[in-house]
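Comments concern the structure below.
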Amino acid sequence: MDNNTLVDNNALVNINGDRVPTLELLLMLTLISLLPSLLIMTTSFMRSIIMLSFLRNAMGVQQSPPNMVLTGIALFLTLFIMSPVIEQVNEQAYQPYKNEEIDQMEALRRAQIPLKEFMLRNTTDDSLELFIDLAKAEPVETEEELRELPLTVIIPSFMTSELKRAFMAGFLLYIPFLLIDIIVSSTLMSMGMVMLPPAMISLPFKLLLFVTVDGWQLMFYTIVTGFE
């Protein structure tokens, strides 16, 4: 057995002689493994990546930009949108925990508050009421009661609202490009060029429209301003 570390049924003893509870260690490892899922479920990442994917499909370019580029764009937009929340978590939870002013559980409790407020601001009332009813919880009437709701209710409500908004935005993104497809198809049919694929002709016009209206800037502006 290693002389620097002893293991018993209740805790791990590190080289400095400090006892580390095994349950807390397992909880921390579990949270680290769930970080990608937490990033998707509790931030603006999900709506951003879905809208970007809809835009690429609407334009008819299946591989450009590639998935890695879209993921990177969505990630940095998420960091930009979530920066006020990250600053609050840092000031209210991480820094006091780092300075040993509060324990781990209190730091986690404080970190939930800004995250809950962000999700609740971007959650529709009907989605929230749905999961409150499914959880058989008491109806909430005040802002304080909303913040006291568990994450198991707030997170699925937030995800449902985000999916609804993302798919509605995807529908609106399809409309101008669909009009171009219809015009091109009608023109080719009237000219008797039925063997020519309309998608091959409409793609340059879609790209021209997107570049002319500065589509990427409008897309980023829409994503960022869509969050409260």
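Which of the helices (runs of 4 or more DSSP H) contained wholly in the stretch 123-228 include at least 2 residues that are over 29 Å from Arg110 (Cα atoms) and open to solvent by less than 90 Å² (accessible area, probe 1.4 Å)?
Once the helices (runs of 4 or more DSSP H) in the stretch 123-228 are filtered for at least 2 residues that are over 29 Å from Arg110 (Cα atoms) and open to solvent by less than 90 Å² (accessible area, probe 1.4 Å), what remains is 151-190, 198-212, 215-225.
So Met119 fits all but one of (1) open to solvent by 70 Å² or more (accessible area, probe 1.4 Å); (2) closer than 20 Å to Glu228 by Cα; what number is the exception?
(1)
Collect the residues in the stretch 29-49 that are among the small types (Gly, Ala, Ser), in contact with a Leu (Cβ under 9 Å, 6 or more places away or on another chain) and in a helix (DSSP H, G or I), keeping them in residue-number order. Working first, answer last.
The first filter runs over the stretch 29-49 and keeps only residues among the small types (Gly, Ala, Ser), leaving 33, 37, 44, 48.
Now restrict to residues that are in contact with a Leu (Cβ under 9 Å, 6 or more places away or on another chain): 44, 48.
If the condition is that a residue be among the small types (Gly, Ala, Ser), in contact with a Leu (Cβ under 9 Å, 6 or more places away or on another chain) and in a helix (DSSP H, G or I), then Ser48 is the only one that fits.
Output the residue which, of all residues in the stretch 205-228 that are aromatic (Phe, Trp, Tyr) and without any contact (Cβ under 8 Å) to a residue 60 or more places away in the chain, is nearest to Thr78 (Cα to Cα). Spell out how you get there, then give the answer.
Looking only at the stretch 205-228, we keep the residues that are aromatic (Phe, Trp, Tyr), and these are 205, 210, 216, 220-221, 227.
Next, from what is left, pick out any that are without any contact (Cβ under 8 Å) to a residue 60 or more places away in the chain: 205, 216, 221.
Working: Phe205: 31, Trp216: 16, Tyr221: 13 Å.
Within the stretch 205-228, the match that is nearest to Thr78 (Cα to Cα) is Tyr221.
Exactly one of these conditions fails for Ala107: (1) modelled with pLDDT of 80 or more; (2) assigned to a helix (DSSP H, G or I); (3) closer than 25 Å to Gly226 by Cα; (4) open to solvent by less than 80 Å² (accessible area, probe 1.4 Å). Give me its number.
(3)
Select from the stretch 58-83 the residues that are under 19 Å from Glu162 (Cβ atoms) and without any contact (Cβ under 8 Å) to a residue 12 or more places away in the chain and list them in ascending order. So that I can check it myself, show each step before the final result.
Looking only at the stretch 58-83, we keep the residues that are under 19 Å from Glu162 (Cβ atoms), and these are 70-71, 73-83.
Answer for the stretch 58-83, where residues must be under 19 Å from Glu162 (Cβ atoms) and without any contact (Cβ under 8 Å) to a residue 12 or more places away in the chain: Phe76, Leu79, Ser83.
Which of the residues that make up the stretch 65-104 are at pLDDT 85 or above, assigned to a loop (DSSP other than H, G, I, E, B) and among the aliphatic types (A, V, I, L, M)?
none
Just need a number here: residues in the stretch 94-104 that are exposed (fewer than 14 other Cβ atoms within 10 Å of the Cβ) and free of Cβ contacts under 8 Å to residues at least 12 places away in the same chain.
Looking only at the stretch 94-104, we keep the residues that are exposed (fewer than 14 other Cβ atoms within 10 Å of the Cβ), and these are 95, 98-101, 103-104.
Still in the list and also free of Cβ contacts under 8 Å to residues at least 12 places away in the same chain: 95, 98-101, 103.
Selection size over the stretch 94-104: 6.
The values are calculated or read from the model by the stated rules, or taken from the named source; none is laboratory data. As the structure is a prediction and not an experimental result, all values here were calculated from the model. Virtual Cβ from ideal backbone geometry, glycine too; neighbours counted across all protein chains shown. Just so you know, the surface numbers come from the protein's heavy atoms only, side chains and all, with ligands and any DNA or RNA stripped out. Shrake-Rupley method; radii C 1.70, N 1.55, O 1.52, S 1.80 Å.
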